[in-house]
1. Among the residues of the range 43-83, write down those that are among the hydrophobic types (A, V, I, L, M, F, W, C), at pLDDT 95 or above and within 15 Å of the ligand (Cβ to nearest atom).
2. Report, by residue number, each residue of the range 14-27 that is at pLDDT 95 or above and over 17 Å from Cys84 (Cβ atoms).
3. Looking only at strands (runs of 3 or more DSSP E) that fall completely inside the chain, which ones have 2 or more residues that are basic (Lys, Arg) and in contact (Cβ under 8 Å) with a residue 40 or more places away in the chain?
4. With Trp14, Trp55 as the choices, which residue is farther than 16 Å from Glu70 by Cα, over 10 Å from the mean Cα position of the chain (by Cα) and among the aromatic types (Phe, Trp, Tyr)?
5. Out of everything in the range 31-42 that is within 15 Å of Ala16 (Cα to Cα) and open to solvent by 60 Å² or more (accessible area, probe 1.4 Å), what residue ends up being farthest from the ligand (Cβ to nearest atom)?
6. Out of everything in the range 66-81 that is farther than 11 Å from Pro30 by Cβ and over 11 Å from the mean Cα position of the chain (by Cα), what residue ends up being surrounded by the fewest Cβ atoms within 10 Å (Cβ to Cβ)?
Amino acid sequence: MERFQDDDAGYERWLAGHSDLYVLNTTRTPTPTYLKLHRATCHTIAGVPARGVRWTGEYIKLCGTRAELEHFARTQVGGEVSPCGNCR
Ligand SMILES: [Zn+2]
């Protein structure tokens with residue numbers, strides 16, 4: 001699993017190379033209340049940020065397989081991932 005924080009360039013490179021994997025969008029200090037799971041191909045987490053902000057600023061991106069991200073959510077954050085309504 002990789003973690004992208006204040007690193008939009010690295011995040012975009014990862015997305016380009018791992019279209020078959022998943023992205024967990026969460027806050028800088030992950031909490032059980034916001035663990036949004038997207039496919040790497042989801043349009044809501046790529047391209048130009050909706051509000052013109054950075055991808056890895058206020059929110060960070062954890063990237064890997066679905067199993068890795070679900071495991072992280074359970075063991076490190078104490079919650080369950082919430083699948084995105086657009087790409088699930
Ligand atoms: Zn999505």
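1. Listed by number, the residues that qualify are Leu62, Cys63, Leu69, Val81.
2. Trp14, Gly17 - these are the residues of the range 14-27 that are at pLDDT 95 or above and over 17 Å from Cys84 (Cβ atoms).
3. The qualifying strands (runs of 3 or more DSSP E) are 35-39.
4. Among Trp14, Trp55, only Trp14 is farther than 16 Å from Glu70 by Cα, over 10 Å from the mean Cα position of the chain (by Cα) and among the aromatic types (Phe, Trp, Tyr).
5. Within the range 31-42, the match that is farthest from the ligand (Cβ to nearest atom) is Thr41.
6. Result: Thr75.
The values are calculated or read from the model by the stated rules, or taken from the named source; none is laboratory data. Not measured: the values here are computed from a predicted model. Every residue, glycine among them, receives a Cβ derived from its backbone with ideal geometry; neighbour counts consider all protein chains shown. The accessibility values were calculated without ligands, DNA or RNA, using every heavy atom of the protein model including side chains. Shrake-Rupley method; radii C 1.70, N 1.55, O 1.52, S 1.80 Å.
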